[in-house]
Structure formats: structure tokens, C-alpha cells
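Each remark here refers to the structure printed beneath this line.
The values are calculated or read from the model by the stated rules, or taken from the named source; none is laboratory data. Just so it is clear, the structure is predicted and the values come from calculations on it, not from any experiment. All Cβ positions, glycine included, derive from the backbone under ideal geometry; neighbour counts span all protein chains shown. For the accessible areas, the whole protein counts, side chains as well, though only heavy atoms, and no ligand, DNA or RNA atoms are used. Shrake-Rupley method; radii C 1.70, N 1.55, O 1.52, S 1.80 Å.
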Amino acid sequence: MSENNQRAKWLRSTLVISILVLGASLRLISFPTLPNGLHWDEQDTGYQAYSLLKTGKDYFGNVLPLFPHSLAEYRTPILIYQTIPVIKLFGLSAFSVRLLPIIFGILGILTFGLLCYFTSRDLTFGILGLLIISLSVWHIQYSRQAVESIVMSLYFLLGLTCFFRKKYIMSALLFGLSMWAYSTAKLFVPFFVLFLVFKNFRKLPLLSTFIFLLLSGLVIADGLFGKSGQRFRELSIMTDPTTSAEVNVLRQTQQRASGATGVGLSPRLIDKIIYNKVTFWGNTFIRNYVSAFSTEFLFIKGDHELRHSPSRDGIGMLYLVEIVPLAIGIYVAFKNKNYWLIFWFLFGAVPGALTRTDNPHAARLFIMLPALLYLISLGMKFIYDKSKPFLYLYTFILLYSSFITFSYYFSVYRWESAKPFQYGFDQVISTAIANKDKYDRIIVDGKNDTLLMAYLFYTRF
């Protein structure tokens with residue numbers, strides 16, 4: 001019996017290590033040259049970190065700012081400040097800018113597996129969670145570029161894992177830091193934590209509450225009244241400058257459809273009740289919210305922006321075969337009254353739905369991804385409990401689907417995504433610098449793109 005237990009333990013350990021190696025390999029292959037090129041935001045991250053390293057200021061001259069001032073917005077600080085020591089060690093390059101996201105992505109695999117295990121005390125479920133996130137093309141996509149969403153996700157997962165381990169002080173710190181990592185968390189995390197606290201109020205030490213309120217209060221206050229909320233105010237459905245005009249058009253259309261004629265019609269009471277800013281915002285929000293759960297986005301085409309999606313229009317953010325365990329997982333979550341998971345799944349799409357452009361947006365919805373993967377893992381565990389051979393068959397189909405996806409991702413996608421990742425800008429700048437002594441003036445035409453950040457990044461101006 002003892003030998004059988006040892007053999008089973010060895011097999012489980014081997015399986016866990018193999019899955020971790022697989023997940024790490026899918027994130028490390030062709031690093032840092034896939035995706036080709038650094039897009040503007042990645043260059044901005046590296047250049048801000050370089051400026052802070054060399055001068056103690058962001059490139060607008062603000063001394064150690066809480067929110068570094070970039071050309072387009074005020075950035076969340078966590079990724080930028082954590083990139084500083086990497087640039088100190090390796091210099092300013094694609095390698096140094098993308099190194100931390102790769103590390104955070106690999107740590108995210110391990111953290112998610114631990115979360116699955118600690119919330120269920122079921123090793124099989126933990127292993128299934130490891131496999132699902134290791135193969136997640138959505139997670140891999142953001143592990144390979146220097147964007148804040150992967151950083152936010154790791155801090156949030158660590159905070160949630162610590163919470164279920166009853167390490168409440170550390171959990172509060174990590175939850176708070178996740179809000180400083182990416183703007184989406186500013187709205188989601190406070191409501192999610194409030195839900196968790198409501199279920200565990202008497203168990204929480206006062207210090208953990210103070211830490212979270214301090215960290216969250218500062219970032220929320222600045223987001224509402226300070227400079228860091230500038231980007232959201234520009235994108236919010238409630239600040240759309242065309243709303244009034246569109247509401248007026250809808251009112252007039254309804255009047256004329258009812259038989260009214262003439263010029264300069266005044267809206268009737270019924271028109272004002274049906275068409276107004278509140279109902280217009282509500283319709284936009286609902287449309288955005290529902291799109292986050294659409295099969296086209298999740299399983300068929302993915303995000304329309306190639307920086308956020310693993311293909312132009314043929315691969316979803318999840319595998320199509322995962323639709324079955326996802327549906328089963330939702331059923332199991334409701335049946336088992338996993339309310340924290342249900343809340344996470346349903347509320348995760350709210351922050352993105354409050355913006356008026358580019359919906360559904362994979363980066364703004366990234367906070368929701370672990371909940372989807374958790375539900376898929378629940379569905380696979382349900383299948384395992386009912387029929388192990390059927391799970392083995394399903395796992396084979398999933399691995400085959402991922403093989404096809406990554407065969408495409410590591411070949412065709414490299415060139416398909418060249419333009420959105422501004423591939424070639426570094427070569428243009430390098431060529432211009434190499435020939436600057438030969439000419440009085442060199443003019444670079446970026447067509448519809450600006451090479452300013454590429455120039456700053458690659459010249460270390």
C-alpha cells in the first residue's frame with residue numbers, strides 16, 4: 001500500500017512539473033521576439049523606467065511620481081517601477097521590458113493552480129487548473145508583452161489565494177497593489193473585496209482592513225478627482241460628447257414615425273422618458289457587457305485588435321472545445337453556491353462595459369479570465385468524477401486544439417501582428433542613426449503611425 005502511495009505521489013509530482021514546464025515553455029519560446037516589435041505602450045513603459053533610473057523623474061520631469069505622466073495618459077506605476085532594476089541590469093531593450101511580464105505570467109500559472117487547490121483541497125482539481133491556465137492563449141498573449149494587465153492579474157490571484165489561506169494582512173496588501181497595477185482593478189477589486197469581507201467579516205484583523213483602505217483609498221481618490229482618472233474620463237460612456245445629439249435624433253425619429261411633421265419639433269414627454277442620457281448610457285453598457293460573454297469573442301474570433309488577440313479573426317480568447325466544461329462549470333458553481341466565483345465571473349465584465357470604445361476589449365476583461373478558467377476547471381473536474389475515460393478523451397481533444405493554435409501562433413501570427421506591434425520601427429531608427437553623419441537631415445515617414453516613442457526608446461534620448 002505504501003509503495004502504491006509513493007508511486008501515485010511520484011506520478012502526481014511528475015505531472016505537475018510537466019505542466020509547469022509546458023506552460024513556461026509556451027511563454028518563453030521565441031522570447032522576446034514574439035510578438036515582433038514593441039508597440040507604443042511597451043516602449044513607453046521601458047522609456048519611463050529608463051528616465052526614472054537616470055534622473056529620478058518621469059520624462060515630463062515629475063519627481064518619483066505616483067502616476068508617471070506619459071504622452072497619452074498618466075500610467076499606473078507598478079510595472080514601470082518594477083522594470084527599473086531590470087533595465088539597470090540589462091539595459092533598455094525588448095528583453096528587459098518584456099522580462100517581468102514573462103515571469104509574472106509563469107508565476108500566474110503556479111498561483112492559479114494553488115488557488116484551485118486551496119479553495120477545494122482537491123489535488124486533481126489543482127492539476128486541472130494548472131493545465132487549463134498553462135494552455136490559455138489569452139493568458140499567454142499578455143505574458144508576452146509589457147502591459148499592466150498581467151501584473152494586475154498576478155497580484156490579484158496572490159491576494160485571493162492568501163485570503164483563502166487566511167493570510168488576511170498579506171491578502172489586503174496584494175489586493176491593494178493590484179489596484180495600482182492596472183486601472184480596471186480600481187473598480188473591480190473594491191467591490192470584490194467588499195463581497196469577500198461580507199462573508200468573512202468577523203475573521204478579519206483590523207490591520208488588514210486599514211492596509212486595504214489606505215491603498216485602495218489613495219488610488220480611487222486620485223482616479224475620481226486626480227490625474228490618473230484622465231484616461232477613464234476620456235473613454236467613459238458617460239462622457240461621450242455625441243450622446244446629446246444621438247438622443248435628440250432618436251427622439252425626432254420616434255416623433256416622425258408617430259406622424260409628427262414640421263421643423264424644430266419639441267420632444268414630447270414620452271420621447272423624453274424613452275430616450276434620454278440615462279437610457280442611452282444603460283443601453284450602451286448592456287450592449288458592451290453582453291459582448292464580453294459572446295461566443296464570437298470568447299470562442300470564435302477573439303478581440304478585433306491583433307495586439308490583444310492570437311489571430312486576425314480565426315481564434316477565440318478561449319478554445320472552442322472549452323465551451324462544454326465552461327457551461328458545466330457554471331452549473332456546478334451555482335449548485336455548490338460558490339458565490340465568490342459567481343460574483344467574480346459576472347462582475348468582471350463591468351469595468352470594461354463602462355468604456356465606449358473597442359468593446360469587447362481583452363485587456364480590460366483580463367480580470368475576468370481566471371474566473372473563466374476556474375469555471376472550465378470545475379467543468380473538467382465534474383467530467384472526471386463522472387467518467388475518467390471521457391475526461392482523458394476530452395483532454396486529448398483540448399491538447400490537439402492547442403497544438404493547432406500554437407502552430408499558427410508561433411508562425412503566421414508573427415507576421416500577421418507585425419503592424420500593430422510596430423515591427424520595424426527599431427530598424428528604421430537604427431538605420432537613421434547609423435547614417436546621421438552622412439546627411440544634413442533625415443526624414444522618416446511613419447505613414448499613419450508616429451515613431452516618436454521608438455526614437456526616444458532606441459536612442460535613449
Restricting the search to the stretch 219-255, which residues are within 25 Å of Leu71 (Cβ to Cβ), without any contact (Cβ under 8 Å) to a residue 12 or more places away in the chain and of a type in the set (A, V, I, L, M, F, W, C)? Ala221, Leu224, Phe225
Return the pair list, or none, for Cβ contacts closer than 6 Å from residues in the stretch 431-457 that are over 24 Å from Asp41 (Cβ atoms) to residues that are open to solvent by less than 100 Å² (accessible area, probe 1.4 Å), at least 6 apart or on different chains. Ile442/Ala432
Residues that are in a helix (DSSP H, G or I) and within 22 Å of the chain's Cα centre (by Cα): does the stretch 275-285 have at least one? yes
Counting only residues in the stretch 144-170 that are of a type in the set (Lys, Arg) and touching a residue at least 12 places away in the same chain (Cβ under 8 Å), the one farthest from Pro370 (Cα to Cα) is identified as Lys166
Answer yes or no as to whether Gly282 is modelled with pLDDT under 90 and of a type outside the set (Phe, Trp, Tyr). no
Only helices (runs of 4 or more DSSP H) wholly contained in the stretch 1-120 count here; list those with 3 or more residues that are open to solvent by 20 Å² or more (accessible area, probe 1.4 Å) and either small (Gly, Ala, Ser) or over 30 Å from Leu399 (Cα atoms) (or both). 2-28, 40-55, 78-90
Residues being open to solvent by less than 40 Å² (accessible area, probe 1.4 Å) and over 25 Å from the mean Cα position of the chain (by Cα) - total across the stretch 413-434: 4
Does any residue in the stretch 193-218 that is in contact (Cβ under 8 Å) with a residue 40 or more places away in the chain come within less than 8 Å, Cβ to Cβ, of a residue that is crowded, with 16+ Cβ neighbours inside 10 Å and of a type in the set (Ser, Thr, Tyr) six or more places away or on a different chain, and which pairs are these? Ser208/Tyr168; Ser208/Ser171
Of all residues in the stretch 343-363, which are open to solvent by 20 Å² or more (accessible area, probe 1.4 Å) and farther than 13 Å from Ser291 by Cα? Phe343, Phe345, Phe347
What number of residues in the stretch 121-146 are more than 23 Å from Ser401 (Cβ to Cβ) and open to solvent by 20 Å² or more (accessible area, probe 1.4 Å)? 3
Test Glu73 against the criterion of being modelled with pLDDT under 95, touching a Lys or Arg at 6+ places or on another chain (Cβ under 8 Å) and under 28 Å from Asp449 (Cα atoms), and give yes or no. yes
What are the residue pairs meeting all of these: first residue in the stretch 115-143, first residue closer than 25 Å to Arg98 by Cβ, second residue modelled with pLDDT of 95 or more and aromatic (Phe, Trp, Tyr), Cβ atoms under 6 Å, and 6 or more apart or on different chains? Ile133/Phe112
Do we have any residue at all in the stretch 363-370 that's of a type in the set (Lys, Arg) and either more than 20 Å from the chain's Cα centre (by Cα) or modelled with pLDDT under 95 (or both)? no
So Ala8 fits all but one of (1) more than 22 Å from Phe112 (Cβ to Cβ); (2) at pLDDT 95 or above; what number is the exception? (2)
Contact list, first residue from the stretch 76-92 and aromatic (Phe, Trp, Tyr), second anywhere and modelled with pLDDT of 95 or more, beta-carbon distance below 7 Å, six or more apart or interchain, is Phe90/Ser96
Report, ordered by the first and then the second residue, all pairs with beta carbons closer than 7 Å, sequence separation of six or more or different chains, a first member in the stretch 284-311 that is at negative phi, and a second member that is hydroxyl-bearing (Ser, Thr, Tyr). Phe297/Ser291; Asp303/Ser309; Leu306/Ser417; Pro310/Thr405; Pro310/Tyr409; Pro310/Tyr413; Ser311/Tyr408; Ser311/Tyr413
